[in-house]
Each structure stands twice: as structure tokens, then as C-alpha cells.
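Quick notes on the structure that follows.
Only the coordinates and a few stated rules stand behind these numbers; no lab work does. Worth saying up front: this structure is predicted, and the values here are computed from it rather than measured. Cβ placement follows ideal geometry from the backbone for every residue including glycine, while neighbour counts extend to all protein chains displayed.
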Amino acid sequence: METKDSHCDPREVLERKNLARTAPRIAILEKLIRSDRAITVNDLVSEGMDMDRVTIYRTLNTLRDKGIVREIPTSSGTNYYEMACRHNPLHPHFYCTSCRSMTCLPPLAGGEMKAWLTLPEGLLARELTVSISGLCGRCDGAPVRREKEK
């Protein structure tokens, strides 16, 4: 079932993964579902998440382990999180090492992905994170041409 906004419903997502529909899980999923970009724990806290950081981290880890959210690590040690659902297909990210912004890049088509990443026989991929680090146009001083940030 989807909400009116054509997004996943947090309660349904949790039920499908056989997870209890706890208040922290629902609140975090609602923030992730409504976000137009990948977000950090600091983003959740600054947006008024009424729970301690330990609860947020534990909840995100559970959601990640169940395949509900994607975790995007960065070279600075800050992890970003986003929904892993049909409304947010797998896509690469660009991380600016200066301003520490994360930009979602357009998803690769199935054929492009297969051509780009071929595993040797006997290996089975369970997770894929593609992240490019560098300087964004604001930090580099170059004109910025960006896709919609998530």
C-alpha cells in the first residue's frame, strides 16, 4: 500500500520485513520517506527527532540490516541514509570533501550497471554502494550543473 504522495507507508514496510512497528522506527522511516536527499543522524536530530542518538543509530542499523534503508559511508566518517525501495532506485552519490554535502546522481540503467560491474563466477553481490568523492562546484569555484539533490 502506498500513501497519497506515492511513497511507501512506514507501517507496511515494517510489517513486510516482520519488524515491530515501534515509534522510533516509524518516525525515522517517515523522515527518510519524505526526504528528497540522503540524510545523516545530525539531520534527523536537527529536524526535531525526539529520541537520543543511540536509539537513532540502533534503529538505522536495524533498518539497514533488513534492507529497508541504504547506508552511504563517506571519507569523513559520517554516514548518510536513504530509503531502499522502488521509489528510490539504486544510484551513485557524489560526496564533497570540503562542504560535506551529498548529491544523488541519476541511477544507472540495468544494462549499464551490468556492463560496469561484472563479478567473477562464484561471487554473489548482496549490496552495492557507489560513491564518488571530490569537490562540488561551490567549493571548487566552477559553475555547478547538478541533478536534483536527494
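Miscellaneous remarks
- Note on segment 10-140: Cα-only Rg and Dmax are 15.8, 47 Å.
- Among 37-46, 131-140, the peptide with the highest mean count of other Cβ atoms within 10 Å heads the list, and the full ranking is 37-46, 131-140.
- Under 5 Å, built H, 5+ apart or other chain: amide partners of Ser131: His93
- At full extension, Cys85 and Asp36 could sit 16.3 nm farther apart than now, given 0.36 nm per residue minus the alpha carbon distance.
- For segment 119-136, Karplus couplings with θ = phi - 60° (6.51, -1.76, 1.60), whole Hz, Gly/Pro x: 8, x, 4, x, 9, 10, 6, 10, 8, 9, 10, 10, 9, 10, 10, x, 10, 6
- Legend: ranking of residues Glu71, Glu127, Glu12 from fewest to most surrounding C-beta atoms inside 10 Å; resulting order Glu127, Glu12, Glu71.
- Computed E for Ala20/Thr129 - FRET, C-beta separation, R0 22 angstrom, nearest 0.05: 0.20
- Couplings 3J(HN,Hα) for segment 72-77, derived from phi with the Karplus relation 6.51 cos²θ - 1.76 cosθ + 1.60 (θ = phi - 60°), are 10, x, 10, 5, 7, x Hz, where x marks Gly and Pro.
- Once the Cβ-Cβ distance of Glu47 and Ser101 is raised to the sixth power relative to R0 = 22 Å, the FRET efficiency obtained is 0.85.
- Shape category assigned to segment 68-111 from the gyration tensor of Cα positions, a/c cut at 1.5: oblate
- Most to least packed among 78-91, 14-27 [average Cβ atoms within 10 Å]: 78-91, 14-27
- Working from label points 7 Å from Cα in the Cα-to-Cβ sense, the Arg11 to Arg138 distance is 3.8 nm.
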